[in-house]
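Let me begin by presenting the structure, written as structure tokens, before commenting on it.
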Amino acid sequence: MQEEGSLDMARIARFWLVLALTVLPVMALSQADPHHPGGEGEHAEPAPVQQGAPMMQMMDGMMGQQMAQRMEALPEASRAYMGAMMDMHAPMMEAMQEPDADVAFVKGMIAHHEAAIRMAQAALEFGQEPQSRQWAQEIIDAQQAEIDAMQDWLGNRGE
């Protein structure tokens, strides 16, 4: 049975994970969308300076610090898993903006597979159970083979 403090930490970790998995992709899309101020498209205009902008920057900085503190409190394996997931979102969201549906899928899957490999590597580093470690190695082998094939396919298309 877990102690009450560890349950609170688990709830906090889940909250930050859900927040990261929902907010970060939206932020990435809005920054890359030419229809949103501050985006990278050719029609993008600079965002107007608002009176609350310094306060928002300070709040963003505080949120980032709080998230970093929460992440530091997690077990090392959890940090590795969450890092892999968070690093995956921006490349996947960028891939989804490809005009060619096939290229978008393949580029998105490469990012997804790379995150799966990083998670599996963390499982090998921190995990103890033989079955879990076997699955992790199988995932690394299979996902890397698929990444290689997908990169070849993209290369043959000039991508």
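The values are calculated or read from the model by the stated rules, or taken from the named source; none is laboratory data. No experiment lies behind these values; they were computed from the predicted model shown. In this analysis, Cβ positions are derived from the backbone assuming ideal geometry, glycine residues included, and neighbour counts consider all displayed protein chains. Heads up: the accessible areas ignore ligands, DNA and RNA and are worked out on the full protein's heavy atoms, side chains in. Shrake-Rupley method; radii C 1.70, N 1.55, O 1.52, S 1.80 Å.
Between Ala68 and Gln128, the modelled labels are 3.2 nm apart [label points 7 Å from Cα along Cα→Cβ]. The residues neighbouring Ile117, those whose beta-carbon lies less than 11 Å from its own, together hold a net charge of -2 under the Lys/Arg +1, Asp/Glu -1 convention. Using the Cβ of Ala84 as centre and a radius below 9 Å, the other residues enclosed give a net charge of -1, where K and R count +1 and D and E count -1.
For segment 73-159, the solvent-accessible area with a 1.4 angstrom probe is 60 square angstrom per residue.
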